[in-house]
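I am attaching a structure below and will ask some questions about it afterwards.
The values are calculated or read from the model by the stated rules, or taken from the named source; none is laboratory data. This one's a predicted model, so the numbers in the text were calculated from it and none came from an experiment. Neighbour counts are summed over all protein chains in view; Cβ atoms, including those assigned to glycine, are modelled from backbone coordinates with ideal geometry. Please note that ligands, DNA and RNA were not included when accessible areas were found on the heavy atoms of the full protein model with its side chains. Shrake-Rupley method; radii C 1.70, N 1.55, O 1.52, S 1.80 Å.
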Amino acid sequence: MTYILALDQGTSSSRSILFDKEGRCVAQAQQEFAQHFPHSGWVEHDPQAIWESQLATATRVLKESGVSASQIAAIGIANQRETTLVWDKHTGEPIYPAIVWQDRRTQPLCQVLLDADKEDEVQARTGLRLDPYFSATKLRWILDNVPHARQQAEKGELAFGTVDSWLIWKLTGGQQHLSDVSNASRTMLFNIHTQRWDEDLLQLFNIPASLLPCVRASSDDFGYADPTLLGAAIPIRGVAGDQQAALFGQAGFEAGMVKNTYGTGCFMLMHTGHHALNSEHGLLCTQAAQPAPGSAQYALEGSVFIGGAVVQWLRDGLKAISASHEVEALAETVSDSDGVILVPAFTGLGAPYWDPEARGSITGLTRNTSMAHIAYAALESIAFQSTALLQAMLHDAQKNAIVLKELRVDGGACSNNMLMQLQADLLGIDVVRPAMIETTALGAAYLAGLGCGLFSSQAELSQHWRIDRRFSPRTSASERAQRFEHWEQAVRRTRTL
């Protein structure tokens, strides 16, 4: 048994990737599923569509690779985080669609708690801000709005879970109701210091404890897949939320190691070791993937709302390009942005600004401005926002003697060489792109491989991690500081419009 099957369940698609014992991709399959928007600000998924698409890709990977289920040492799961599901423990049927992490319907409840000055208490226990993003208020909404849900919950008849718990339940034929610490830490119900569901938070959000899954380390025993599904009783040995899985897949095992995922948005995590840092600069404290029971690991996290989506806007909104990959060639026709700065605050600004009312702007336009300058500024905007995140992390980390060495990158947009060089130039540190940029699935595979003994240690995993290209800064400290100050000026103007 020398293969690991990684299930990468994302927001818009489910993917399965088969890895060998060297961490190399053998085969992969992907399947999209429908997004549902029943009201403004609401985003839902069909739980059965999540499950069926994930099972279909796993089945297809085995068929196309020619690898039998008996050759698979373990299954690892990485998943979209915070998305909330509730199902009947006896029938296994969901009582309501999955409420997706993007859903904003519970903003009024969050505002009630904010007005009651509960945010400091919530943040002290969970590391999170009071926001509809997280699972607690979504779960509360289901209990309060689905007929008979609260009565069933109080009788112990219902199960709550994030997507990892749902997949584990389905894979094991309803035998296991489990989650891992990285996913639990995103619910706003889990105390990241005591490593337990928090009774005071359950009371605050009015959530019966009987709904909750048991929480285990990210590399642990999560049961066995029903042999009728894939052809063998494959052990499930690794589980982590997608961003924590990506940090683990980047071999980010030590304090000071940072990864940034460049997708539609950007997600940056800095490993902080065994220290749960209280950010003073607008970042979240979350649990990193935990490779062994009893050894808590933490990370600082920040999100950029509009990353690669700004390129999609150039393509679909301005019609400046016909395909996203064309942006690099267009931007390379000029040497710089000629003073143009694009702040893509289309849906507000995320960390470290946290300004939901901000809206996008383009400043510095002249008669000489061309679409190429705007394309250059669009790529720069991704790098500027990520620089703001990393600088906030550095301020928090320096107080705890955590030293940053380099930035490891993944996600679709990291294949843009110009963007990666811009990032290195603005940060003043090396930006390192790995050979395997599907680090979310790789992290799930690494965790599962540790859990089943296919990999002996994290040191062995570090040896498997391979570099594709290293981008070193080409700018002086004064030039970096001047460029970033111009960006900050543009942000200030955007926030006062």
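For region 260-389, with every protein chain kept in place, what is the accessible area per residue (1.4 Å probe, Å²)?
Per residue, region 260-389 has 37 Å² of solvent-accessible surface.
For the chain, what does the relative contact order come out to in percent, with C-alpha contacts under 8 Å and a separation of six or more?
15
Calculated FRET efficiency, Thr366 and Ala124, Cβ-Cβ r, R0 60 Å, to nearest 0.05?
The pair Thr366/Ala124 has a calculated efficiency of 0.75.
While we're here: Which order, highest average first, do 330-343, 392-405, 474-487, 438-451 follow once you tally other Cβ atoms within 10 Å for each residue and take the mean per peptide?
438-451, 330-343, 392-405, 474-487
Further question: Rounding to the nearest 10 and keeping the result within 0 to 90°, find how far the Cα-based axis of helix 439-452 lies from the longest principal axis of the chain.
It is inclined by approximately 40 degrees.
Place the peptides 71-81, 259-269, 55-65 in order of packing, highest mean first, counting for every residue the other Cβ atoms within 10 Å and averaging per peptide.
Ranking the peptides 71-81, 259-269, 55-65 by packing returns 71-81, 259-269, 55-65.
Compute the label zone of Val146 within region 61-88: residues whose backbone N is under 12 Å from the point 7 Å along Cα-to-Cβ.
Only 84-88 pass the distance filter.
What whole-number value in Å² describes the accessible area per residue of region 13-92 for a 1.4 Å probe?
That works out to 40 Å² per residue.
Please work out how much length the chain gains when fully extended from Lys399 to Leu318, using 0.36 nm per residue of separation minus the C-alpha to C-alpha distance, in nm with one decimal.
Stretched fully, the Lys399-Leu318 segment lengthens by 24.8 nm.
Over region 395-471, average the accessible area per residue using a 1.4 Å probe and give it in Å², no decimals.
Roughly 38 Å² per residue, with all protein chains present.
Helix 371-398: angle to the longest alpha-carbon principal axis of the chain, degrees 0 to 90, nearest 10?
60
Roughly how tilted is helix 47-65, in degrees to the nearest 10 and between 0 and 90, from the longest Cα axis of the chain?
Rounded to the nearest ten degrees, it is 80.
Now for a separate question. Give the peptides 275-283, 14-22 in descending order of average Cβ contacts within 10 Å, highest first.
Result, highest mean first: 14-22, 275-283.
Now, a different point. Rounded to the nearest Å, what's the spacing between the alpha carbon centres of region 441-497 and region 18-87? Just the number, please.
Measuring centre to centre over Cα atoms gives 25 Å.
Which residues among region 312-354 fall inside the zone where the amide N is under 18 Å from a point 7 Å beyond the Cα of Asn417, along Cα→Cβ?
What the label zone holds, given the 18 Å backbone N cut-off, is 325-336.
Between Gln458 and Glu280, what is the label-to-label distance in nm when each label sits 7 Å out along the Cα-to-Cβ direction?
2.7
Compute the FRET efficiency between Ser210 and Val112 as 1/(1 + (r/R0)^6), taking r as their Cβ-Cβ distance and R0 = 22 Å, and round to the nearest 0.05.
My answer for the efficiency is 0.30.
Further, regarding this structure: Which distance in nm do the two modelled labels at Glu199 and Thr2 give, with both placed 7 Å along the Cα-to-Cβ direction?
The answer from the label model is 5.2 nm.
Assuming 0.36 nm per residue, please report the length gained on full extension of the stretch Arg469 to Thr333 beyond their Cα-Cα distance.
46.7 nm
I'd like the carbon and sulfur percentage of the solvent accessible area for the chain, probe radius 1.4 Å, heavy atoms only, ligands and nucleic acids excluded.
The computed percentage sits at 48.
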